Each structure stands twice: as C-alpha cells, then as structure tokens.
Amino acid sequence: KAAPAKAEAKGSAVPAYVTNAINDGNRLPSDIALDKPRHTAEILAFTRIKPGDKVAEIAPTGYYTRIIAKIVGPKGKDYAITPLTDGVRDGETLRAKNLDDAKKSGKPPVPLSIDNLNAIQNIYDYSNIQPLWEIFWQYGGQFSTPEQLDAVLTVNIYHDMHIQKDYGIAKIVPAIDKRVFDAMKPGAVYTIVDNRAAPGVGFSVAETLHRSDPDAVKAEMLSAGFVFDGESNIAALPSDDHTQSGQGASAWPRVDHYIYRFKKPMNAASNDLRPTHDALAGFYGNTTISGEAGSPQRFVFYHADHTYQEFGWNDMQSGTWYWDAAGHNCMLHQWPAEQRNFVVCHGTGRDKKVGDKWTQDNGQPFQGDARPYMAVAGYVYPDPTPPTKGVKGEALSAQ
C-alpha cells in the first residue's frame, strides 16, 4: 500500500513559468476568462509540468494545450491525444459519418475535436504541439507516443473513458492505464482532474452524472503500477451534494472537483519496447504488401527520415512513422488531409529484411483476419505469387 500523500492546499506557490505561460498574449480571450473559475494556474503548478518536459494530454480541448506548449517551450513537446469515437473504423470514416448525419438532419456537420488541435498546431508559436488521433481499443488497450513522457494530464475526461458509447474503451481502461504507465519515464507524474462522485459509486454515474468516484480512480491507477503522489483541494466544493450533472462548460464553479497526482516509481521496471537500434535498417525503400487474393493490395515505402508513402489500398497516403512503448510501428498520417494526425499502429515488422514474409493485424475489431506482408526490393507483387513482370517500386514512389 502506498504511503499517504500530503494534500496541497489552496494558495500553493505557482512557478513563474506557469504564470508567464498563462499571461501569454497569444491566448484566446474566451480561454483567459476561464482561468480563475477553473483554478488553472494552481492546477498546472500541481502537475509539476516544467520547461523541456514531454507531456501527453488525454482528450484535450485546446484550453490547456496552448498553456502547456508555452510552459514546456521549444525543447519540450505536448502530445495532444484525442481518442477515436467508438465503433468508427478510422478518421476518414468518422468524417464521412458526420457528413451523412448532417445531410439527414439538415444541420452543419459536427466539428471533430481533432480539428481544433490541428488548427493550433498550424500556429508557429505552437509548433511544439503534436496532435495524435488514436484508436485506444487497439490490442485490447493502446496508448501510443513517439517518446517517453515526463507528465500526463487529463481534465474532466477520466469518467468519460468509462462510458462505452463515447470511446468504446470502458472495459479496458485499466489496460490503457498500464499502457500510459509503460510510456512514461520513471519518476514521471500523471495528474487526473475530474468531477467528484459520491463515495462508493465507482463509475456507475459516469454517464448519468458525468462524475467519477476518486477512490475507484485511485484503485485503477495503483493496479497499473502507479503510486499516489498527492492531491489538491483547490477546486473542492464541500457544498456540492454530488447529485447534479457535472457536464457542461458551466460545471466548474458549481461542481466539486478532485485533483489527484500519481507517480511512476523511480525503480519501476522498464517495459518500453522501442527498438534500441534501427530496426528497419536494410528495409528502407522496399515495399510491404498486404491483402489476400482478390482483396486490395497495399504498397508501403518506408524511409530513413521516418517518412512513408502508401499506395494501392489507399490512393495515396503519406506521413511519418515511429515506434511506441509497446513495440508497435505506428503511422502518423499527414495526407490525405481528412486523416491528418490520425495514428494506426502495427504489431509486427521489426527487424525485417528483403524476402521476409509475415502476417499482422493492428488489433482493430473491424480489421478482420491478419493480412500477409512481404518485404521486396525494387519490385512489388502480391505475396505469395512470384512476379511475372516487374513493376518498379521507384515508379510508384515518384507518383
């Protein structure tokens, strides 16, 4: 059992780099108006996020994102991670669904959360923000970042993760917590801010009241390997009887909030499975092929500068790739535009060489059976049929 952590009271010192970030002139007036009722300065001080840190926000709106980007500065990074909606194959499909719903209702399409974060990334002063639009239910629990993290923050979202219809991950939140743990550096901290539910209700009111029981949250985090590192009462509201909904922008002044900080122990075993060497050496410029007889073929060209292009199954797709802590090779889409910053991770493919064959799927329920792949130098053809006439890979790459 973890030792009791000291509560941090109202009025805790706020570092100058937090104050300077909050006072930054690029912030929106509508955001600035929320700072005092939401106790933003004190909460960010409590997170211990500092200059140079690599930070992940889970399901951010952009409000904290702008401030954190200024706190961590040019040597830091803010990974703004948006979970994909339940039951949707990918970002492109989600946009198509929104357009279809709009046509049926006669109303404008519902804006996607990722679009606000993409827009912030477009601003030069926020170039250290990297949105990641992720499928959390991959592999029975997925959380993917290109590098180890110093801090993680989620605000008024933890209860939403326990609503099946929102992200489709309610049953696997403990597995996702473990993936977050693995993605963090030893000593890194994870701060959870949420609407407090009545004691003992667990997550049973997550959908109806948009609240979570802090004891239930603590139990999940401890089971993932974290230790309890402290709490703040800066947003506590003793007069709240915990029977009203915590949903909506107006919830802050009228809802009791708990603020918990958890730490990954310094002596925690490293479960980071990122390759310690160039696992794709000898593979660059080659082609991987997927698809069974009669199904679409997929041609993917990887490059040593961590970019890729894909043809075939997709008319044209490109972006960057990275390894995550689970050892997955992840594609970070940049084109087509509707899939910008959408992430799909693949379970195998490390240490492959020309001529190798393997099968893989990325753990998505819509994907079906694992697909065959093959690494080929210079020519592309369906596996396992040998080439009858070569199609030069360079010609595809140049399209």
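Restricting the first member to segment 234-252 and to residues that are at pLDDT 90 or above, and the second to residues that are open to solvent by 40 Å² or more (accessible area, probe 1.4 Å), the beta-carbon pairs closer than 6 Å and six or more apart or on different chains are I234/K10; I234/H39; I234/E42; A235/H39.
Here is a yes/no grid of residues against (1) in contact (Cβ under 8 Å) with a residue 24 or more places away in the chain; (2) under 20 Å from A119 (Cα atoms); (3) hydroxyl-bearing (S, T, Y):
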site: A16; (1), (2), (3): no, no, no
site: N26; (1), (2), (3): yes, yes, no
site: T40; (1), (2), (3): yes, no, yes
site: I43; (1), (2), (3): yes, no, no
site: T47; (1), (2), (3): yes, no, yes
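The listed residues are Y167, Y139, Y190, and the only one of them that is hydroxyl-bearing (S, T, Y), open to solvent by 10 Å² or more (accessible area, probe 1.4 Å), within 24 Å of A251 (Cβ to Cβ) and touching a residue at least 60 places away in the same chain (Cβ under 8 Å) turns out to be Y167.
Of all residues in segment 275-291, those satisfying the criterion of being open to solvent by less than 40 Å² (accessible area, probe 1.4 Å) and within 30 Å of A224 (Cα to Cα) are P275, A279. Note on segment 111-136: among residues that are modelled with pLDDT of 95 or more and under 24 Å from V173 (Cα atoms), the one that is surrounded by the most Cβ atoms within 10 Å (Cβ to Cβ) is P131. Considering only segment 193-213, how many residues are open to solvent by less than 30 Å² (accessible area, probe 1.4 Å) and farther than 15 Å from A151 by Cβ? Matching residues across segment 193-213 total 10. Checking the stated criteria, R66 turns out not to satisfy the condition of being modelled with pLDDT of 95 or more, charged (D, E, K, R), open to solvent by 10 Å² or more (accessible area, probe 1.4 Å) and on the phi > 0 side of the Ramachandran plot.
If you take the residues of segment 173-187 that are of a type outside the set (D, E, K, R) and open to solvent by 30 Å² or more (accessible area, probe 1.4 Å), which of them is nearest to I43 (Cα to Cα)? Among those that are of a type outside the set (D, E, K, R) and open to solvent by 30 Å² or more (accessible area, probe 1.4 Å), it is P186.
Could you say which residue among G225, G230 is out of contact with any Leu (no Cβ under 8 Å at 6 or more places or on another chain) and open to solvent by 10 Å² or more (accessible area, probe 1.4 Å)? Let's see the steps before the verdict.
Working: G230 fails: open to solvent by 10 Å² or more (accessible area, probe 1.4 Å).
Answer to the check: G225.
Within segment 39-51, the residues that satisfy the criterion of being under 16 Å from A69 (Cα atoms) and either part of a loop (DSSP other than H, G, I, E, B) or charged (D, E, K, R) (or both) are R48, I49, K50, P51. Screening Y260 against (1) over 30 Å from C330 (Cα atoms); (2) more than 24 Å from the chain's Cα centre (by Cα); (3) of a type outside the set (A, V, I, L, M); (4) surrounded by 15 or more Cβ atoms within 10 Å (Cβ to Cβ) leaves a single unmet condition, (2).
Checking every residue in segment 23-38 against the condition of being crowded, with 19+ Cβ neighbours inside 10 Å, within 25 Å of the chain's Cα centre (by Cα) and not in a helix (DSSP H, G or I) gives at least one match.
The values are calculated or read from the model by the stated rules, or taken from the named source; none is laboratory data. What you see is a predicted model; the values in this text were computed from it and never measured. Heads up, the Cβs are rebuilt from the backbone with ideal geometry, glycines too, and the neighbour counts pull from every protein chain shown. Note: accessible area is taken over every heavy atom of the protein model, side chains too, but ligands, DNA and RNA are not part of it. Shrake-Rupley method; radii C 1.70, N 1.55, O 1.52, S 1.80 Å.
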